[in-house]
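Peer 1: Okay, here's the structure, questions in a sec.
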Amino acid sequence: MADPAPTNDPGLLLLISLAGGPKHGHAMLLDIAAFAGVRLGPGTLYGALSRLEEEGLVAALPTDGRRRPYRLTPSGRRALASRLGGLDRAVQTGLQRVGA
Amino acid sequence: MSRSPGRLVRLLMRCYPATWRDRYGDELLDLVSDLPLTPRVALDLASSGLGLRARALRAGAAHRVLQGDSVMAIQPAWRHPTAFAVAGALLLLPTFCLVVGSLLGYELGLTGLLGIVAPIQATAASIRAVDLFLVAAPALALAAAIAPLVRLGWERRDGTLQAVLAVRALALNLAIALVAVAVGSLLAWHIVVESLLEAGA
């Protein structure tokens, strides 16, 4: 059986993807599919991206040809670290309890 | 899926709020043009767009309430009264024709009309869904015609949220509402009389 996706939260997946460097929409889809095994739809991706930009967690960069790349903001990096820290605590607790 | 990407994608983009399309529309279109337009992608675009639209409506309403403005709970009906009136008229039309045809045929003895109306009534009565629709149509038409006349909402006054109800008069909607009430009353009267006659027989 294939490994299950670590999370289906598009916002979290986008933040993780952009933590690796600025990317445009198509590159984000490919990156997320590669590291999480999740195939986000284009509407889901841009819906989450617009919310993250509204919250100031990501920012648009000048267009690169016909594509616009996005980057993680400092506040997005802090939010991501905080969410991953919370997830990590839950994962560690879960692993201890199942004895893995 | 038969592909007509330009037209279908443009149609799906209509699901998104206009302000959102102004900001992200070109980028999303560019991304979609790089992907095969499968049913999954089409569904994703539609559901995401409608979700963003619902979110924008909720955010707009909450913002206006916080600003002290009143907010409508039935905004589409208020904004499109003629469309609702026409929808009401179309809903009512089949029942209206059968009721008027029956009246003219049975009460005024226009047997030519009865020859047309009676077979239609018999067919309608034999199909439960059609029969139910014909009976429910006056109520549905009344609701469609009346909805744009009623403004139901809430507003913030002296720091508290208060319900607000206002009514406006629009001739076309009122006329269709009155016809719906008349047709519904005739239909109800007919059903009651018929039931009494059957009970007595």
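Peer 1: Residues being in a helix (DSSP H, G or I), closer than 30 Å to B:Glu107 by Cβ and not β-branched (Val, Ile, Thr): count how many of those fall in the stretch B:148-201.
Peer 2: Taking the stretch B:148-201 first, the residues in a helix (DSSP H, G or I) are B:148-149, B:171-200.
Of the ones still in play, those that are also closer than 30 Å to B:Glu107 by Cβ are B:171-200.
Now narrow it down to the ones that are not β-branched (Val, Ile, Thr): B:171-175, B:177-178, B:180, B:182, B:184-190, B:194-200.
Residues flagged as in a helix (DSSP H, G or I), closer than 30 Å to B:Glu107 by Cβ and not β-branched (Val, Ile, Thr) within the stretch B:148-201 amount to 23.
Peer 1: Ok, one more. When both residues are 6+ apart or on different chains and their Cβ atoms are under 6 Å apart, which pairs have a first residue that lies in the stretch B:29-53 and is within 7 Å of chain A (Cβ to nearest Cβ), and a second that is in a loop (DSSP other than H, G, I, E, B) and among the charged types (D, E, K, R)?
Peer 2: Listed pairs, sorted by first residue: B:Asp30/A:Arg66.
Peer 1: Another question, then. Restricting attention to the stretch B:11-28, which residues are out of contact with any helix residue (DSSP H, G or I) (no Cβ under 8 Å at 6 or more places or on another chain) and at the interface with chain A (Cβ under 10 Å from one of its Cβ atoms)?
Peer 2: Selection gives B:Asp26 alone.
Peer 1: Against the definition (within 21 Å of B:Ala42 (Cα to Cα), hydrophobic (A, V, I, L, M, F, W, C), within 10 Å of another protein chain (Cβ to nearest Cβ) and surrounded by 15 or more Cβ atoms within 10 Å (Cβ to Cβ)), how does A:Ala60 come out, yes or no?
Peer 2: Values: within 21 Å of B:Ala42 (Cα to Cα): no; hydrophobic (A, V, I, L, M, F, W, C): yes; within 10 Å of another protein chain (Cβ to nearest Cβ): yes; surrounded by 15 or more Cβ atoms within 10 Å (Cβ to Cβ): yes.
Here the answer is no, as A:Ala60 does not meet what is asked.
Peer 1: Would you check if there is a residue in the stretch A:11-20 being at the interface with chain B (Cβ under 9 Å from one of its Cβ atoms) and in a loop (DSSP other than H, G, I, E, B)?
Peer 2: Going through the stretch A:11-20, the residues at the interface with chain B (Cβ under 9 Å from one of its Cβ atoms) turn out to be none.
Looking through the stretch A:11-20, none of the residues is at the interface with chain B (Cβ under 9 Å from one of its Cβ atoms) and in a loop (DSSP other than H, G, I, E, B).
Peer 1: With (1) within 14 Å of chain B (Cβ to nearest Cβ); (2) surrounded by fewer than 16 Cβ atoms within 10 Å (Cβ to Cβ); (3) assigned to a helix (DSSP H, G or I) as the list, and A:Asn8 as the residue in question, which single condition is left unmet?
Peer 2: (3)
Peer 1: Please state which one of A:Arg51, A:Arg68 is closer than 16 Å to B:Leu52 by Cα and of a type in the set (Lys, Arg).
Peer 2: Only one candidate passes the filter, namely A:Arg51.
Peer 1: State all residues of the stretch A:21-47 that are facing chain B (nearest Cβ under 10 Å), of a type outside the set (Gly, Ala, Ser) and in a loop (DSSP other than H, G, I, E, B); if no residue qualifies, say none.
Peer 2: Correct list: A:His24, A:Arg39, A:Leu40.
Peer 1: Oh, and also: Among the candidates A:Gly65, A:Gly76, A:Gly37, A:Gly43, single out the residue that is buried (at least 17 other Cβ atoms within 10 Å of the Cβ) and closer than 24 Å to B:Val32 by Cβ.
Peer 2: Testing whether each residue is buried (at least 17 other Cβ atoms within 10 Å of the Cβ) and closer than 24 Å to B:Val32 by Cβ leaves just A:Gly43.
Peer 1: Same structure, new question: Can you report the number of residues in the stretch A:63-90 which are assigned to a helix (DSSP H, G or I) and within 12 Å of chain B (Cβ to nearest Cβ)?
Peer 2: First, the residues of the stretch A:63-90 that are assigned to a helix (DSSP H, G or I): A:74-90.
In the following step, the residues that additionally are within 12 Å of chain B (Cβ to nearest Cβ) were identified as none.
Of the residues in the stretch A:63-90, 0 are assigned to a helix (DSSP H, G or I) and within 12 Å of chain B (Cβ to nearest Cβ).
Peer 1: Report yes if B:Ala182 is at pLDDT 90 or above, of a type in the set (A, V, I, L, M) and over 21 Å from B:Pro76 (Cβ atoms), otherwise no.
Peer 2: Details: at pLDDT 90 or above: yes; of a type in the set (A, V, I, L, M): yes; over 21 Å from B:Pro76 (Cβ atoms): yes.
For B:Ala182, the condition - at pLDDT 90 or above, of a type in the set (A, V, I, L, M) and over 21 Å from B:Pro76 (Cβ atoms) - is met.
Peer 1: Take the conditions at pLDDT 85 or above, exposed (fewer than 14 other Cβ atoms within 10 Å of the Cβ) and not polar (S, T, N, Q) and apply them to B:Leu93. Does it pass?
Peer 2: Numbers: at pLDDT 85 or above: yes; exposed (fewer than 14 other Cβ atoms within 10 Å of the Cβ): yes; not polar (S, T, N, Q): yes.
Judged against the criteria, B:Leu93 is a match.
Peer 1: Quick one: is B:Ala137 touching a Lys or Arg at 6+ places or on another chain (Cβ under 6 Å) and surrounded by 11 or more Cβ atoms within 10 Å (Cβ to Cβ)?
Peer 2: Working: touching a Lys or Arg at 6+ places or on another chain (Cβ under 6 Å): no; surrounded by 11 or more Cβ atoms within 10 Å (Cβ to Cβ): yes.
So B:Ala137 fails the test.
Peer 1: Taking the stretch B:77-118, which residues are of a type in the set (Gly, Ala, Ser) and within 25 Å of B:Leu174 (Cα to Cα)?
Peer 2: Within the stretch B:77-118, the subset of a type in the set (Gly, Ala, Ser) is B:77, B:83, B:85, B:87-89, B:101-102, B:105, B:109, B:112, B:115, B:118.
Listed by number, the residues that qualify are B:Ala77, B:Ala83, B:Ala85, B:Ala87, B:Gly88, B:Ala89, B:Gly101, B:Ser102.
Peer 1: Still on this structure, please answer the following. Within the stretch B:121-129, identify whether any single residue is surrounded by fewer than 15 Cβ atoms within 10 Å (Cβ to Cβ) and either touching a helix residue (DSSP H, G or I) at 6+ places or on another chain (Cβ under 7 Å) or in contact (Cβ under 8 Å) with a residue 40 or more places away in the chain (or both), and answer yes or no. Full working, then the answer.
Peer 2: The first filter runs over the stretch B:121-129 and keeps only residues surrounded by fewer than 15 Cβ atoms within 10 Å (Cβ to Cβ), leaving B:122-123, B:125-129.
Imposing the further condition that a residue be either touching a helix residue (DSSP H, G or I) at 6+ places or on another chain (Cβ under 7 Å) or in contact (Cβ under 8 Å) with a residue 40 or more places away in the chain (or both) reduces the set to B:125.
Yes, there is a match, as at least one residue in the stretch B:121-129 is surrounded by fewer than 15 Cβ atoms within 10 Å (Cβ to Cβ) and either touching a helix residue (DSSP H, G or I) at 6+ places or on another chain (Cβ under 7 Å) or in contact (Cβ under 8 Å) with a residue 40 or more places away in the chain (or both).
The values are calculated or read from the model by the stated rules, or taken from the named source; none is laboratory data. Note that the structure is predicted; figures quoted are calculated from it, not measured. Note that we place each Cβ from the backbone using ideal geometry, even for glycine, and neighbour counts take in every protein chain shown.
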